[in-house]
Amino acid sequence: MLKIKLSLCLLCFLSFAHAQVTLQQDSSSHHQQQDSLIVTQNSLYKLNYKNFIVPAVFIGYGVASLSIDGLKKLNTSTRDEINEHQPDHIRLDNYTQYVPAVLVYGLNAFGVKSKHNFRDRTLIYATSQLLSAAMVVPLKHLVHEERPDGTNSLSFPSGHTATAFSSAQFMYREYRDSNFWLSISGYPFAVFTGVYRTLNDKHWVGDVVAGAGFGILSTELAYWLHPKINSLFFPSNKPSSSMIMPFYQDKKVGLSFVKQL
């Protein structure tokens, strides 16, 4: 029983570590928020190597669990103890993977505004899901790891967990500047999803940890790519200014409208 608790708490610990890293980054950047709106917007999409440390650790652990004997034994011993205690196989993990993203749209509907408007955040989230699938699906077929329940050989990495953590990271990025504690409220749903992928005998612990890494990575890349994708799909969406001016000419009075693109 102790092994089960230690193994299943591993993902919780890594997720907590990720939250602590992001909290430190957030607090350090908070003192610079008064500079200008342009600087804030640029930093929002800036590719910062610090944002990739945690997902790299997660993915590295998952990859190591495929070949390192100690981690492989942790996978199998955890699975054996789970089967020994025969927990109920509930399927909530099929739905909790999307809860953080749903919360973002629900909170906006009730007036709790996020960082981006409906179109932009939808484009970002869709990009993150496409990137996640582009990384996870080919790896499943390349690694060809058998699931604990033996149903197929598409166990590594966990797609459900990748979706869950990409959604949680999406929620974090949308609310971190306005309400930090609200921004990290999606992670418990992501951890729940990962834990139940192991309890439902669908994934090894290493699969779940790697899936979490790919999920966070896909969202970070989606925010970095957003300005480029946005300009590609909406090329006319450029800053413009307009002005209405009165004029008097040849004893005539009127208004002139000037718009600069």
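Put simply, the amide H of LEU154, placed in the peptide plane, has neighbours under 5 Å in ARG147, leaving out anything fewer than 5 places away on its chain. Placing ARG176, ARG121 in order of accessible area, with the largest value first and a 1.4 Å probe, yields ARG176, ARG121. The calculated FRET efficiency for the pair ALA56 and GLU84, based on their C-beta separation and a Förster distance of 41 Å, comes to about 0.75. The string of couplings for region 72-82 from the Karplus curve (6.51, -1.76, 1.60, θ = phi - 60°) is 5, 5, 4, 4, 6, 5, 5, 4, 5, 6, 4 Hz, one whole number per residue in order, with x for Gly and Pro. Computed about the Cα centre, the dipole magnitude for region 73-126 is approximately 500 debye when only Lys and Arg (+1) and Asp and Glu (-1) carry charge, each at its Cβ.
Taking all protein chains together, TYR49, TYR187 sort by accessible area into TYR49, TYR187, largest first [probe 1.4 Å]. Placing a label point 7 Å from the Cα of LEU92 along the Cα-to-Cβ line, the residues of region 194-213 whose backbone N sits under 18 Å from it are 194-202.
Within region 122-170, none of the chymotrypsin sites (Phe, Trp or Tyr not before Pro) combine a DSSP coil assignment with at most 13 other C-beta atoms in a 10 angstrom radius. Put a plus charge on the Cβ of each Lys and Arg, a minus charge on the Cβ of each Asp and Glu, and nothing anywhere else: the dipole of region 119-176 about its Cα centre is then about 300 debye.
Stretching the chain fully between LEU232 and TYR105 yields a gain of 43.3 nm (0.36 nm per residue, less the alpha carbon separation).
Working ranking of peptides 216-228, 84-96 by packing, defined as the average number of other Cβ atoms within 10 Å per residue, highest first, is 216-228, 84-96.
Legend: residue pairs LYS50/LYS72; LYS72/LYS202; LYS73/LYS202, Cα-Cα distance threshold 24 Å; pairs beyond threshold, LYS50/LYS72. A 1.4 Å probe over all protein chains sorts LEU123, LEU44 by accessible area into LEU123, LEU44, starting with the largest. What separates the Cα centres of region 166-187 and region 54-73 is a distance of 26 Å. Normalised per residue, the accessible area of region 46-136 is 58 Å², obtained with a 1.4 Å probe and no contribution from ligands, DNA or RNA. To the nearest 10, the accessible area of THR76 is 60 Å² with a 1.4 Å probe.
The values are calculated or read from the model by the stated rules, or taken from the named source; none is laboratory data. It should be emphasised that the depicted structure is a prediction, and the values quoted were computed from it without experimental measurement. All Cβ positions, glycine included, derive from the backbone under ideal geometry; neighbour counts span all protein chains shown. These area figures cover heavy atoms from the full protein model, side chains too; ligands, DNA and RNA do not enter into them. Shrake-Rupley method; radii C 1.70, N 1.55, O 1.52, S 1.80 Å.
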